[in-house]
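Just below is one structure, and these are the notes that go with it.
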Amino acid sequence: MLTAFTKNAYSQAEVEPWGNITGIRNHGQLFDFESSLRVVSTDRKHITSTFKEKQKPHYKRINEDEQEVITSIDSLFFIENVKDDGGGKIKVSIRMIAHKDTTIQGVYFSVALPVEFINANLRYSDGDKSEFDHFVKAGGKEFDDNAKGLEFEVGKRKLSIKPADKSLMMVRTEAIPGGSRLRLFIPIKLGEVKNGDVVEKEINIKVSGDIDEAPATITLNTSQQGRAFDGLGGNFRLQNPKADPQVIDYCLQNLRVAWSRVEMPWRFWQPELNVDPIAAADSGRLNLSVKKAMEMAHRLDSMGIPVILSAWFPPNWAAEGNLNFRPVNGIWGNKLNKSNMNAIYKSITDYIIYLKNKYGVEAKLFSFNESDLGINVRVTAQEHNDFIKGCGAYFAAHGIKTKMLLGDNSDATTYTFIDPALNDPDAKQYIGAISFHSWRGWDNATLQKWADATKKLDVPLIVGEGSIDAAAYSYPDIFQEPTYALQEINLYTRLLAICQPLSILQWQLTADYSPLIGGGIFGNDEPLHPGQRFWNLKQLSITPKGLFAMPVTSSNSQISCAALGDNTKGVYAIHTVNNGADREVTLTGLPARVKQLDIYTTSKKVNMKRGSVKVENGGIKFKLPATSYVTLISK
């Protein structure tokens, strides 16, 4: 048995970078709820709340126990400080500053409770209404009282919320998909707000309940081999000439990168319609951005890493109207100029030919980046299908082996974008793989649609951009948070299990969304070094090459797991993410020929700590530390 890890005797608030608190961890177990700041209009019909990608917040960790978010809703500015107090307690301090006169119904600190609390008992402490001094059923009614505290209790789980001063607290039942839940409102300011008003509110939150440390079983089924997993991949879109090289060098020296994606700087390749780009390049007029992108592709190809070529901005002649570098009236990107489609096919083909002839790189796949959204070419689903057939046929007619990448969608949620091509027999011959980006759409049902699509078309699935928050570059301190690292690798493990991708391509293995810390990136002048996110990626990258997805299940919902193996070679890898407390795990279903497993653990405390465990009767027992990523690989 693996040496036991010391129990994490800590509690910590989980704070999203836009200010919402999603729960408190105690000994690794998350006691979940979700807070938000809410501004309610005078007619109560319009509510604006802190939410992902709705504001432009600034996030930072003050120290080990304290986090801070600065954000705004219209003219109201907020400084929210969340301090861990130990023992499942946190202190939330809110400072609101008004920057103009505003007429509203109120500004609230709001807490949405988990669905299991719908039938909870609640009690106001030291309130104005004596009937709430004892526990009453919360669901289905409205409860208001001026009190010093409010307690919710369901089973052995408790949640108490206590403002620093006696305050109005309102409990409401709200409808949500599939049911209802309780929501608490604590006013920060009611009624009219004057320019220059400063209001402060302090709220203490405590959670308690049994810590689930029950043993779990992970069951492997090696009788079924699914699709191949080549390994971790990476994006190498060059955007920072000063900071990119150090990160790229470190990643390529320390990770096994199985697939890559580079930019085709199309608007710089052929800025003028009537100028031959190959002739211009041969005469010494190759744009520097194009040259650097091609050199990046060459470097990757020379390491045996397959290259995907993706175009962001088109040249002016290939687009309708002026290029939109930012959204115009909420619409991103530009439509392709249909009158120049043959010239568009030729321009892209010329780039691929030049890349092959001058740099020795034959791109495996081509795509427009996120064309469902318009980052930055924008097409409809049918236009996407038409382009695949038109450009794919042009490639084939000119001896180009590069295939088209179906989708390369902005998110998993926009899966209907691929339907026309998915159901068009004439398009299939030109499609080499299907792709989506993992920024949104993490539920099982949505991910399964991509798995079904790749099965139907019988081509590989590639996660073209892997990560969890597209806006994280604007509050980069979040990259160092264990919460972010755990969510990211948990998603990758689920992608492996549900989607069975050929590769997950990290966005990015450059300074942009850097998996490394320091080196002057994001204003951090520490020496460049790996953080928890990088160690997670490295641990994923050591998956032996040439394995296939295999079914694996966990008896505990807090454990995500994915299995890969090859019965012919007798090689197996099992990736597990523990989203909860320490627990002992039994792994069963290993073939008799497997006698020993190497075990690697990454968490807030350890970086790919290595151990080994002997297999007995097709199984092992090992300790799964709280909030950790553990990989087992057969000897």
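Screening 374, 392, 407 for residues that are touching an Asp or Glu at 6+ places or on another chain (Cβ under 8 Å) and either more than 25 Å from residue 274 (Cα to Cα) or surrounded by 20 or more Cβ atoms within 10 Å (Cβ to Cβ) (or both) leaves exactly one candidate, 407.
Out of 280, 293, 318, one residue alone is under 26 Å from residue 461 (Cα atoms), modelled with pLDDT of 95 or more and hydrophobic (A, V, I, L, M, F, W, C). It is 293. Scanning the range 301-312 for residues that are in contact with a Gly (Cβ under 9 Å, 6 or more places away or on another chain) and crowded, with 22+ Cβ neighbours inside 10 Å turns up 308, 310. Taken as a whole, the structure places residue 39 among residues that are more than 24 Å from the chain's Cα centre (by Cα) and modelled with pLDDT of 95 or more. If only residues of the range 140-181 that are in contact (Cβ under 8 Å) with a residue 40 or more places away in the chain and over 34 Å from the mean Cα position of the chain (by Cα) are counted, the one that is surrounded by the most Cβ atoms within 10 Å (Cβ to Cβ) is 169.
Exactly one residue among 486, 491 is closer than 30 Å to residue 311 by Cβ, among the aliphatic types (A, V, I, L, M), out of contact with any Lys or Arg (no Cβ under 7 Å at 6 or more places or on another chain) and in contact (Cβ under 8 Å) with a residue 40 or more places away in the chain, and that residue is 491.
If you go through the range 349-400 and pick out every residue that is farther than 17 Å from residue 437 by Cα and in a helix (DSSP H, G or I), you end up with 26. In the range 183-243, counting only strands (runs of 3 or more DSSP E) that sit wholly within it, the ones holding 3 or more residues that are within 29 Å of residue 592 (Cβ to Cβ), touching a strand residue (DSSP E or B) at 6+ places or on another chain (Cβ under 6 Å) and in contact (Cβ under 8 Å) with a residue 40 or more places away in the chain span 216-220. Residue count for the range 424-471, restricted to those that are of a type in the set (A, V, I, L, M, F, W, C), surrounded by fewer than 19 Cβ atoms within 10 Å (Cβ to Cβ) and part of a helix (DSSP H, G or I): 1. Take residue 64 and decide whether it is of a type in the set (Asp, Glu) and buried (at least 18 other Cβ atoms within 10 Å of the Cβ). So residue 64 does not fit the description; no.
The values are calculated or read from the model by the stated rules, or taken from the named source; none is laboratory data. Note that this is a predicted model, so its numbers are computed, not measured. Heads up, the Cβs are rebuilt from the backbone with ideal geometry, glycines too, and the neighbour counts pull from every protein chain shown.
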